Each structure stands twice: as structure tokens, then as C-alpha cells.
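The values are calculated or read from the model by the stated rules, or taken from the named source; none is laboratory data. Every value quoted in this text rests on a predicted model; they were computed, and no experiment measured them. Using ideal geometry, Cβ is built from the backbone for each residue, glycine included, and neighbour counts are taken over all protein chains shown.
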Amino acid sequence: MTALSINLNKIALIRNSRDTEYPSVALHAVRCISAGAHGITVHPRPDQRHIRADDCYELATLLDVEFNIEGNPFAPACKSDRRDVSDYPGFMEIIRLTRPAQCTLVPDTDSQLTSDHGFDLRKDGDRLTPIIAELKSLGVRVSLFMDPDPAQIRLAKDIGADRIELYTGPYAESFDSLQQDSVLKQFIRASDVAAEVGLGLNAGHDLNLHNLFLFKNSVHKLLEVSIGHAFTVDAIELGLDKCIKSYLSCLR
């Protein structure tokens, strides 16, 4: 069965809208796991607008399931502009201190509203190679956020990645449109290339209860999906437990 990892960024975003610790990111992680989710994903950014470094430290000591931390490996340390929020230590330092089961490297910047493209390894491959080597030396599985580009996927294998996470925004945008089949074929081809070169396959971004079933049953050897934004919205409508079970049903 394809694993379901719940991204808790939006829970943290709601918390951060007030000067409070409610809702608790850690408590929601426990509830998601109790409801059947296989793992937890967080994406700490330097501006700490949702998940904070301290959340990562707490979850690392709490979770006994797969913990996936994603983010830009080149993000440096920076000072917090709030007295009640600790400084951001840099993405790689968070990983060194937490040693999650998986680290998903993403080429995002502070100015982006959300992650919206994969790595260009022709440009960033040389810089990523020693980072990947360090992560693997820490016992952390490495996944690279990638577009469904066969040439780029082969480069991901060449520089030492264990998995790729396909950026599924274009698939979600094309879902139930005239472009759906042609776009989906790109992802099917990408999954075939990943299997061919020996890369594990994850996927994420804008997957939801409407489009997940088709994607999961079309691409090959999909190991894991991470879902956050849609999960949060669906949990409001359905309740958290029923929401988790609905996503698990799509993945069986």
C-alpha cells in the first residue's frame, strides 16, 4: 500500500495566527497517526510562517513513525523577528539535530507562497551532491522534489538520491480537463524512469480526495504521498479521523 504522510504546515499556520500554542502541532500529529496515517511531514521555512524549528525538535522526540522534513538545503540561519519564536538555525542544522527518517530537498525560496517546481539538477546538482552525501551519512533517506522530466530524474540518481518526490501541481491543475490524459502520461513516464534507474517514488502537492485515486492507480510503484493543504480543508468538513480513512481508501 502507498504510504500516507500528513503535512502539518497548515495546522501550524492556524496556530501562528494567534499568540498561542493552540492548535497543537504535536497533538495533531498524534491524532493523525492514531487515525491510520503512516507518517508526518513538515516544511520549516526561514521565516517560520508555519512550522518552526522548535516544532521539528518536538516531533522528532515524539514520533515513532516516519518523520519527513522537507525544505531548501541552502536556507541559511537567520534571526527571528519575534521574541517568543527561536531563531531559525538553517535547514541543514535542523536535519542534523533531528535526523528524520527522510529529508525531502526542495528548491523553494522565502518569496514563494508554496513549492511550485522541482530541482534543475544541471544547475544545482554539484551543490546538492555533498549535501546528499552528508544526509546519507547521518542515516537519513534523501528524496529530491522533481518535475516529471526523465532526464532530470536520471540525474537525481547520478548524484546519490534515494527517492524523488514528483511535484504534482500540474497534474492537479489538469485534472478533469481536456489536458488530463496528456499530463498524466508525463507522470506515468516519470514513474517508469524512476523505477528503471532504481529510485523510490514519492509524490505531493495539491493531491486531494478527488484526484488521488486516479494518480495512485496510474503511476507505477508509488511509495508515498504527502498531503497537507487538502487534508486540512477536508478534516474541517469530514472530521480528522474520517478524513484520514478517506485518503487511505484512495491509496489501497
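Brief remarks follow.
Per-residue answers, yes or no, for (1) in contact with a Lys or Arg (Cβ under 6 Å, 6 or more places away or on another chain); (2) of a type in the set (A, V, I, L, M); (3) over 23 Å from ASN202 (Cα atoms):
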| site | (1), (2), (3) |
| --- | --- |
| GLY36 | no, no, no |
| GLY39 | no, no, no |
| GLN48 | no, no, yes |
| CYS56 | no, no, no |
| ALA60 | no, yes, no |
| ASP64 | no, no, no |
| ASN68 | no, no, no |
| PHE74 | no, no, no |
| LYS79 | no, no, yes |
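- Check on LEU155, within 18 Å of the chain's Cα centre (by Cα), of a type outside the set (Gly, Ala, Ser) and buried (at least 20 other Cβ atoms within 10 Å of the Cβ): no
- Figure legend. Inter-residue proximity from region 186-197: first residues farther than 13 Å from LEU155 by Cα, second residues hydroxyl-bearing (Ser, Thr, Tyr) and surrounded by 16 or more Cβ atoms within 10 Å (Cβ to Cβ), beta-carbon distance below 8 Å, spacing 6+ or different chains. Indicated pairs: PHE187/THR168; PHE187/TYR171.
- For region 204-231, taking the residues that are outside any loop (DSSP other than H, G, I, E, B) and touching a Cys at 6+ places or on another chain (Cβ under 7 Å), the one that is nearest to PRO150 (Cα to Cα) is identified as LYS216.
- Search result, residues across region 177-203 that are outside any helix (DSSP H, G or I), within 21 Å of the chain's Cα centre (by Cα) and on the phi < 0 side of the Ramachandran plot: LEU199, GLY200, LEU201, ASN202, ALA203
- Residue pairs meeting the criteria (Cβ under 8 Å; at least 6 apart or on separate chains; first more than 24 Å from TYR247 (Cα to Cα) and at pLDDT below 95, in region 38-66; second part of a loop (DSSP other than H, G, I, E, B) and hydroxyl-bearing (Ser, Thr, Tyr)): GLN48/SER80
- Wholly enclosed helices (runs of 4 or more DSSP H) of region 80-176 bearing at least 1 residues in contact with a strand residue (DSSP E or B) (Cβ under 8 Å, 6 or more places away or on another chain) and not polar (S, T, N, Q): 91-98, 121-137, 150-158
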